[in-house]
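The values are calculated or read from the model by the stated rules, or taken from the named source; none is laboratory data. All values derive from a computational prediction rather than experimental measurement. Ideal geometry is used to build each Cβ from the backbone, glycine not excepted, and the neighbour counts take in all protein chains shown. Surface areas here come from the heavy atoms of the whole protein model, side chains and all, with no ligands, DNA or RNA. Shrake-Rupley method; radii C 1.70, N 1.55, O 1.52, S 1.80 Å.
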Amino acid sequence: MEFRSFMQIALDEARAAAARGEVPVGAVVVQAGVVVARAGNRTRELADPTAHAEMLAIRAACAAAGTERLGGHDLYVTLEPCAMCAGAIAAARIGRLYYAAADPKSGGVSVGARVFSHAQCHHVPEIYDGIGATEAEALLKGFFAGRR
């Protein structure tokens, strides 16, 4: 089976988030090559600190599947998930995590909390990083440069 990336859809969600004044992060949940959910950050819009792109996409995918478990699903996200989102990824039993840009400040996968490396973590997805990193980093840098 040939690999097909869905990171461009996540980047589209990130651009839409930026257009709404949100930090430009986008996420897509895929099962068997079909997009089942997609979202961008909405923390400001919803006045909800948990409304990260990953959380919203996972919630929508769970609702569509009618279950809290998403085994066999892949998650594409434009920024390394924070500890909260990494915890949700583990709880949902996401099969594979693909993320674009590393997040040295708030990441919870490769830096910081490293959620998946703890014995208390009951599920660890396959993790692939760096896909679309240059574009995701440019989006983030441009967004924050415009705010300074």
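Regarding residue 145, is this residue modelled with pLDDT under 95 and either open to solvent by less than 20 Å² (accessible area, probe 1.4 Å) or part of a helix (DSSP H, G or I) (or both)?
Criteria met by residue 145.
Restricting to region 58-84, give me the number of residues that are in contact with a Leu (Cβ under 9 Å, 6 or more places away or on another chain) and without any contact (Cβ under 8 Å) to a residue 40 or more places away in the chain.
4
Just for region 101-117: of the residues that are within 18 Å of residue 14 (Cβ to Cβ) and of a type in the set (A, V, I, L, M, F, W, C), which one is least open to solvent (accessible area, probe 1.4 Å)?
101
Being surrounded by fewer than 24 Cβ atoms within 10 Å (Cβ to Cβ) and of a type in the set (Gly, Ala, Ser) is the filter; apply it to region 87-100 and report the residue that is farthest from residue 70 (Cα to Cα).
So the residue we want is 87.
When the residues of region 42-100 are filtered to those that are of a type in the set (Asp, Glu) and touching a helix residue (DSSP H, G or I) at 6+ places or on another chain (Cβ under 7 Å), which remaining residue is farthest from residue 116 (Cα to Cα)?
68
Within region 59-67, is there a residue that is touching a Cys at 6+ places or on another chain (Cβ under 9 Å) and crowded, with 23+ Cβ neighbours inside 10 Å?
Within region 59-67, none of the residues are touching a Cys at 6+ places or on another chain (Cβ under 9 Å) and crowded, with 23+ Cβ neighbours inside 10 Å.
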